[in-house]
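Any read-out appearing in this document is the output of simple, stated calculations on the displayed coordinates, not a laboratory observation. Here the structure is a predicted model, which is why all the values come from computation and not from measurement. We place every Cβ from the backbone using ideal geometry, glycine too, and count neighbours over all the protein chains shown.
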Amino acid sequence: MEKYLTLLPLTGLKKGYPGDTFQCLAERLVNSGEKGRIRFSIRDKEEHLFWHLVLDGQSCRAHQEPMEKLDLEIVTPLDTWRKIAEGKLSPLVAVAKGRMRIRGDEKLGKRLLKRLSTGEGKSEICD
């Protein structure tokens, strides 16, 4: 079985609450050179939790305030996000299995995945 990129584990994942993982993402994306506005829509049963990352090339901040204009949106259930944040599930595999959806600038998403990953495994499902 082929191995695909996984995220380096994001610390602070509390049972049922993913907020700390987005703060960790923001810290890891400081000075990334990337610019964009990303929304994570995390479904937990009937509730939707929204987190946003705003990258300006040098800084990155995570917040829950709504944003109008997005460059990228990631939609996934909480249990899937938990596995991705723990480094146990590749985001690429989650997309391929229909457990995560990506809307918008997929190239931005791929660049961020490479930056946040362990560096081990493929970065494309169809090479």
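For the chain, modelled as a Gaussian network with Cα springs under 10 Å, which listed residue fluctuates most, K83, K35, K45? Of K83, K35, K45, the Gaussian network model singles out K45 as fluctuating most.
Between K110, K88, K69, the GNM of the chain built on Cα springs shorter than 10 angstrom shows K69 fluctuating the most.
Dividing the summed helix terms, -39500 (n - 2.57) for each DSSP H run of n ≥ 4, by the number of residues in the chain produces a 222 nm estimate of -7500 deg cm²/dmol to the nearest 500.
Going Cα to Cα from K69, which lysines come in below 30 Å? Please leave out same-chain ones fewer than 8 positions away. Partners found: K14, K35, K45, K83, K97, K107, K110, K114. Cross-link partners of K122 among aspartates and glutamates, defined as those whose alpha carbon lies under 19 angstrom from its own and excluding same-chain residues fewer than eight positions apart: E2, E86, E106.
Summarising the strand pairing of region 19-115, around 75 percent of its internal DSSP beta bridges are antiparallel. Under 5 Å from the amide H of G87 lie the amide H atoms of L7, L10, each residue being 5 or more positions distant or on a separate chain, with H modelled from the backbone and absent for Pro and chain starts. Per-residue 3J(HN,Hα) values for region 58-73, derived from phi via the Karplus relation 6.51 cos²θ - 1.76 cosθ + 1.60 with θ = phi - 60°, read 10, 10, 8, 10, 10, 7, 9, 5, x, 10, 7, 8, 10, 9, 8, 10 Hz in sequence order (x marks Gly and Pro). Between E68, E47, E27, the residue with the greatest mean-square fluctuation in the GNM of the chain (Cα pairs under 10 Å linked by springs) is E68.
About the Cα centre, and with charges only on the beta carbon of Lys, Arg (+1) and Asp, Glu (-1), how big is the dipole of the chain? Nearest 20 debye, please. Walk me through the numbers on the way to the answer.
Numbers: 24 positive and 19 negative charges, 43 e Å.
The calculation lands at about 200 debye.
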